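Below is one structure, written out as structure tokens; comments come after it.
Read-outs throughout are calculated quantities, based only on the coordinates presented, and are distinct from any laboratory measurement. Worth saying up front: this structure is predicted, and the values here are computed from it rather than measured. Every residue, glycine as well, gets a Cβ built from its backbone with ideal geometry; the counts of neighbours run over all protein chains shown.
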Amino acid sequence: MPPTEPARDERTVAVENASYRLAYLVLSFGMLAAVAYRAFAWGQASWDLLALVIAGGAVTVGYQAIHRVLTPQALRIGVVAAVAAAAVALVVGLVR
């Protein structure tokens with residue numbers, strides 16, 4: 001007899017989703033740390049890694065928006081963060 005698969009309930013799905021969230025956070029902040037290390041220690045531009053971090057966030061927001069689970073507050077916070085990041089990047093670019 002083949003082994004039976006355990007039953008999947010709401011708790012199992014919630015635990016799986018929580019683990020995916022933690023993995024995403026580790027990867028995103030790990031990439032940001034690698035970008036910062038490359039920039040400050042080696043003086044390299046790490047736009048490739050930074051683009052992956054930004055793309056990961058964009059995919060998350062897009063998926064949530066398509067499935068209509070993105071709250072207006074979360075969208076507002078994201079837009080404010082993106083505008084603030086662009087302003088900081090502009091200032092840093094003008095200073096250099």
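Evaluating kT/(6 pi eta Rh) at 37 °C and 0.692 mPa s, with the Kirkwood radius of segment 1-56 over Cα pairs in the Stokes-Einstein relation, gives 237 µm² s⁻¹.
Calculated FRET efficiency, E10 to V59, Cβ-Cβ distance, R0 = 22 Å: about 0.35 to the nearest 0.05.
Hey, what does the equivalent ellipsoid look like for the chain, semi-axes from the Cα gyration tensor as sqrt of 5 times each eigenvalue, largest first, whole Å? Display every interim value, and only then the final one.
Numbers: eigenvalues 250, 80, 17 Å².
Result for the chain: semi-axes of 35, 20, 9 Å.
For the chain, complete DSSP H runs whose alpha carbons reach 24 Å or more along their own long axis and whose mean Kyte-Doolittle score is 1.6 or higher are 72-95.
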